[in-house]
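See below for the structure under consideration.
The values are calculated or read from the model by the stated rules, or taken from the named source; none is laboratory data. Quick caveat: nothing in here was measured; it's all calculated off a predicted structure. Reconstructed Cβ throughout: ideal geometry from the backbone, glycine too, with neighbour counts over all protein chains shown. Only protein heavy atoms, including side chains, enter the accessible area calculation; ligands, DNA and RNA are left aside. Shrake-Rupley method; radii C 1.70, N 1.55, O 1.52, S 1.80 Å.
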Amino acid sequence: MSTQERYDLVILGSGSTAFAAAIHAQELGKTAVMTEGHTLGGTCVNRGCLPSKNLIEAARLVYDAAHPRYPGLTPGHLGIDFPALIAQKDEVIRAYRDQHYESIVDDTDEEGQPPIEVVPGHATFVDPHTVLVTAPDGTSRRLVGEEVLIATGSSPLIPDIPGLSETLYLTSDLLTSQEEMELTKLPRSLLILGGGSIALELGQMFARFGSAVTLVTRGPSILTGYEPEIAEALTEILQEEGLRIVTGAHVRGVRSEGEGIALLVKLHDSQHILSAEKLLVATSRHPNTQEIGLERAGVAIDAAVAVRVDRTLQTSVPHIWAAGDVIGRETESQMATPVGAHDGKIAAHNALSGEPLQRVDHRVIPRTIFTDPQVAVAGLTDEEAVAAGIECSCNTIPLSVVPRAGAIRDTRGVIKMVLDAPTRRVVGVSMLGVNAGEVIHEAAMALRFGATADDFIDLIHVYPTMAEALKIVAISFTKDVNRLSCCAT
């Protein structure tokens, strides 16, 4: 038997997208209910952004202590208690989840609006308005929504590799908090399949904690789709830290071998076996659209199994909306927590407000890879600009010309700017360097409002800061930046 309850908005999921939508529904005086098949808060807080960034920073402290950049500082060794690190990570996550998620549900807001509810269990569509939620104990509830939002997020995409299904392996969810796949013991050695953001962040982190790390990627380089100057410079940095990076690898199979893993790869027409204690699969992520009954609701998906939406986030069914990772690259979106949170509110507003429909604008989405140094991007790459028909002009400069980088003795990295040549309008910025994830916001705001290279040049920047890199790369189109005076003039 299952009970049936009616709401203004039924939301599949309880991550950042779902919460943004539920909170806005409450602000509009509407009833909202979320569902969650795992842990409240979804991927980001429990097994993605937050836990990884916590441990990445710990690994940076270990590395910097052993490799001081300043003459006069003696290298030091920080002992690593990995289970204790995991325990403190879990505590950080628990406190964050309590403050930003648990405290919001089942409580009326300051205006006395109806509470936001969460129903635990696996949610599937029964029909276009009804969602059946089955709890772990087998009990179920039927939630009927006047409007429905699909915000089920994404999960690791597991490649079809012979032997993988019979082999124990880790995924990018390994840093989860107090769930069954959580890694609590530091591996002596680690093979990582993938050359993208997750593989690079976790690879450098584990290497700095002391694991012998080998990255294996099918592409000719890491960071496919990024500026080649960024990929080349980061490859050199990671290799100098001891990571082995194997490119152009075609994985033929995997098997358990003793207490470890053996990976069979084809490299340059010859077969090789790579071995390690653990295997981490971090090749990609895909939208969670399987086993939620979309066919019973009539909701269409695209070739990448993402939910199809228009720019109002409406699906093929007028009263069903979708936002966050589950829409993949629809409307030029990106799988990123802040995108989902931003769009979740828009979806709820369009579903419930009765006002003219708002449209999402995904033209400028800054993003960062939390390696050390960081990679940050806003706008188009050189190749993307050319493909879009833009007559572009591009320049790349080393961060050794940025005063702040020299002052703190960390000149690793480069910055590249892409211009629309006739107008000098900036259409893209990519940076590898200290605090790139902070610097990129200036670039993103500039792109949003159509700034030119001259706008970056004319803006007075604080000296010395890493943000001056933007001004200096803009100057580089017309001057030799090796011959600038103080404050990039």
Query raised in the report: Taking into account only those residues within the range 42-71 that are modelled with pLDDT of 95 or more and assigned to a loop (DSSP other than H, G, I, E, B), which is least open to solvent (accessible area, probe 1.4 Å)?
Result: Pro68
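Yes or no, residue by residue, for (1) at pLDDT 95 or above; (2) of a type in the set (A, V, I, L, M); (3) crowded, with 21+ Cβ neighbours inside 10 Å:
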| site | (1), (2), (3) |
| --- | --- |
| Glu241 | yes, no, no |
| Arg244 | yes, no, no |
| Asp269 | no, no, no |
| Glu277 | yes, no, no |
| Ile301 | yes, yes, yes |
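Quick test for you: out of Ile222, Ile237, pick the one residue that is surrounded by 16 or more Cβ atoms within 10 Å (Cβ to Cβ), closer than 30 Å to Val429 by Cβ and out of contact with any Lys or Arg (no Cβ under 9 Å at 6 or more places or on another chain).
Ile222
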Query raised in the report: Does Thr39 satisfy the condition of being assigned to a loop (DSSP other than H, G, I, E, B), within 30 Å of Val10 (Cα to Cα), in contact (Cβ under 8 Å) with a residue 12 or more places away in the chain and open to solvent by 20 Å² or more (accessible area, probe 1.4 Å)?
Result: yes
Report task. Working only within the range 408-439, note down all residues that are surrounded by fewer than 22 Cβ atoms within 10 Å (Cβ to Cβ) and farther than 27 Å from Glu201 by Cβ. Result -> Asp420, Ala421, Pro422, Thr423, Arg424, Arg425
Query - Flag if Ala436 is under 23 Å from the mean Cα position of the chain (by Cα) and either at pLDDT 95 or above or aromatic (Phe, Trp, Tyr) (or both) - result: yes
Query raised in the report: How many residues does the range 286-330 hold that are assigned to a helix (DSSP H, G or I) and either of a type outside the set (D, E, K, R) or farther than 17 Å from Phe125 by Cα (or both)?
Result: 7
Report summary line: By residue number, the members of the range 371-412 that are in contact with a Pro (Cβ under 6 Å, 6 or more places away or on another chain), part of a helix (DSSP H, G or I) and more than 22 Å from Met445 (Cβ to Cβ) are Pro403, Ala407
Requested in this report: Please work out if Val326 is open to solvent by less than 70 Å² (accessible area, probe 1.4 Å), over 15 Å from the mean Cα position of the chain (by Cα) and under 17 Å from Leu12 (Cα atoms).
Outcome: no
**Report entry** Check on Thr74, open to solvent by 40 Å² or more (accessible area, probe 1.4 Å) and modelled with pLDDT under 90
**Finding:** no
Requested in this report: Mind listing just one residue for me: the one in the range 331-362 that is assigned to a loop (DSSP other than H, G, I, E, B) and in contact (Cβ under 8 Å) with a residue 60 or more places away in the chain and, of those, surrounded by the fewest Cβ atoms within 10 Å (Cβ to Cβ)?
Outcome: Ser353
Query raised in the report: Can you spot a residue in the range 78-87 that is modelled with pLDDT of 90 or more, of a type in the set (Asp, Glu) and over 18 Å from Val33 (Cβ atoms)?
Result: yes
Query raised in the report: Any residue at all in the range 6-16 that is part of a helix (DSSP H, G or I), aliphatic (A, V, I, L, M) and open to solvent by less than 30 Å² (accessible area, probe 1.4 Å)?
Result: no
Report summary line: Filter the range 132-165 for residues that are of a type in the set (Asp, Glu) and touching a residue at least 60 places away in the same chain (Cβ under 8 Å); the one that is surrounded by the fewest Cβ atoms within 10 Å (Cβ to Cβ) is Glu146
Requested in this report: Hey, can you tell me all the residues within the range 450-462 that are in a loop (DSSP other than H, G, I, E, B), more than 30 Å from the chain's Cα centre (by Cα) and surrounded by 14 or more Cβ atoms within 10 Å (Cβ to Cβ)?
Outcome: Leu459
